[in-house]
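Asks: What follows is a structure written as structure tokens; I'll ask about it next.
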Amino acid sequence: MRSILVTGAGGFVGGHVVRVLRESIPEASIHPLSRSRSGATDGEVCFLALDHLDDLCELLARITPQAIVHCAGIASQDASLLERDNVMATRALLKAAERAAICTRMIHIGSAAEYAPLTAPESTSEESPETPVSTYGHSKLEATRLVVSRSSNLLDTAVLRLFNPVGIGMSEATLPGKLTRWFKETDERHISLGKLDDARDFIDIRDCAQAVVAALRYKGALNGAIFNIGTGHARPTRDLVAGIMARAPRFATFDETLGGSDRSKSVAWQQADITKAKRLLGWSPKFSFDEMLDTLMRS
């Protein structure tokens, strides 16, 4: 594989994917692509909005990638932004890849938010109902369906549905990102949070990036396959917070007096069934929950 384009390279997932691809496939030229300069530190990043179709077609014609890893997207409550960055951008990327008419593998980063809520101890498989409870989940599902439907002899696609990736560089809009920033930027000893009764399948972002590598290296045709990427074990969000607090640079306490997020209230439990990724891609998570938190808090 000589050339790989990575969209969303300035973001949390995309940034880690670029780094792991360079480590794992050193013979390939990695081409990071980002909408804006915010968060993008790689001097080789190409700054281009995916909805600039002619410019995107020109870029693909120039670098002729053997693979595209589509990490670009946004988590927001703004329906218009979700439509632009999750759906329209994906549609434009697919159209540009088809116009380029080069034999390309495309790995799309999906989300566990595309699934319906289940109850403990059920695991979410790729055959579980796709009835999201959030506008974000609906936008990601629409993008996934576009990618799956466009799989062909020239454009071999697959979707990796990430559950709850955790790692360095998370947005402060996420709970781990909020806590790590709070410890770095304040001297406070107590923080109020929302209810932490929900359980999630937390996975190290480095394992997610290795799943991308496994999908790129897969020898057969992926044919629009969907793979769940998680650990296969749900943990209470309270355990995540307690683990962060235990590794913090100062002693601090927390309470759960704030209102929780709508998703936490509507999705009380989520655990990935990762059998398919293990069986077909030969992938499985390597980093433990403790290793994930150790790395997060060393950053």
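The values are calculated or read from the model by the stated rules, or taken from the named source; none is laboratory data. Keep in mind that this is a model prediction, so the values were computed, not measured. Please note: Cβ atoms are built from the backbone with ideal geometry, for glycine as well, and neighbour counts cover all protein chains shown. To get the accessible areas, we keep the full protein, side chains included, count just its heavy atoms, and leave off ligands, DNA and RNA. Shrake-Rupley method; radii C 1.70, N 1.55, O 1.52, S 1.80 Å.
Asks: Go through the residues of the stretch 188-210 one by one and say whether even a single one is among the hydrophobic types (A, V, I, L, M, F, W, C), farther than 18 Å from P117 by Cα and over 18 Å from the mean Cα position of the chain (by Cα).
Replies: Yes, some residue in the stretch 188-210 is among the hydrophobic types (A, V, I, L, M, F, W, C), farther than 18 Å from P117 by Cα and over 18 Å from the mean Cα position of the chain (by Cα).
Asks: Taking the condition of being at pLDDT 75 or above and open to solvent by less than 90 Å² (accessible area, probe 1.4 Å), how many residues in the stretch 21-52 meet it?
Replies: Qualifying residue count for the region: 15.
Asks: Within the stretch 65-77, how many residues turn out to be open to solvent by 20 Å² or more (accessible area, probe 1.4 Å) and over 29 Å from A173 (Cα atoms)?
Replies: The qualifying residues number 1.
Asks: Let me ask something else about it. Just one of A234, A242 is free of Cβ contacts under 8 Å to residues at least 12 places away in the same chain and closer than 27 Å to T119 by Cα; which is it?
Replies: A242
Asks: In the stretch 278-296, how many residues are over 14 Å from I205 (Cβ atoms), open to solvent by less than 70 Å² (accessible area, probe 1.4 Å) and in a helix (DSSP H, G or I)?
Replies: 2
Asks: Separate question: Starting from the stretch 278-292, take each residue that is of a type in the set (S, T, N, Q) and list its partners that are surrounded by 11 or more Cβ atoms within 10 Å (Cβ to Cβ) and part of a helix (DSSP H, G or I), counting only C-beta distances under 8 angstrom and pairs at least six apart or across chains.
Replies: Qualifying pairs under 8 Å: S284/A277; S284/K278.
Asks: Within the stretch 155-178, which residues are within 18 Å of R235 (Cα to Cα) and among the aliphatic types (A, V, I, L, M)?
Replies: L162, V166, L175
Asks: Right, another one. Scan the stretch 56-82 for residues that are in contact (Cβ under 8 Å) with a residue 12 or more places away in the chain and among the hydroxyl-bearing types (S, T, Y) and jot them down.
Replies: T64, S76 - these are the residues of the stretch 56-82 that are in contact (Cβ under 8 Å) with a residue 12 or more places away in the chain and among the hydroxyl-bearing types (S, T, Y).
Asks: Additional query: Please indicate, with yes or no, whether at least one residue in the stretch 78-88 is in contact with a helix residue (DSSP H, G or I) (Cβ under 6 Å, 6 or more places away or on another chain), more than 15 Å from Q271 (Cα to Cα) and buried (at least 20 other Cβ atoms within 10 Å of the Cβ).
Replies: Yes, because at least one residue in the stretch 78-88 is in contact with a helix residue (DSSP H, G or I) (Cβ under 6 Å, 6 or more places away or on another chain), more than 15 Å from Q271 (Cα to Cα) and buried (at least 20 other Cβ atoms within 10 Å of the Cβ).
Asks: List the strands (runs of 3 or more DSSP E) that sit entirely inside the stretch 134-252 and contain at least 2 residues that are closer than 24 Å to V267 by Cβ and among the hydrophobic types (A, V, I, L, M, F, W, C).
Replies: 155-162, 190-194, 202-204, 225-229
Asks: With respect to S192, is the statement that it is touching a residue at least 12 places away in the same chain (Cβ under 8 Å), more than 30 Å from G220 (Cβ to Cβ) and small (G, A, S) true?
Replies: When the stated conditions are applied, S192 passes them.
Asks: I'd like the residue in the stretch 95-133 that is touching a helix residue (DSSP H, G or I) at 6+ places or on another chain (Cβ under 6 Å) and at pLDDT below 95 and, out of all such residues, is surrounded by the fewest Cβ atoms within 10 Å (Cβ to Cβ).
Replies: R99
Asks: Now for a different question. Across the stretch 144-161, which residue is nearest to T131 (Cα to Cα) among those that are open to solvent by less than 10 Å² (accessible area, probe 1.4 Å) and not charged (D, E, K, R)?
Replies: T144
Asks: Determine which single condition K219 fails, assuming it passes every other condition in (1) open to solvent by 10 Å² or more (accessible area, probe 1.4 Å); (2) within 25 Å of R150 (Cα to Cα); (3) touching a Lys or Arg at 6+ places or on another chain (Cβ under 8 Å).
Replies: Result: K219 passes all but (3).
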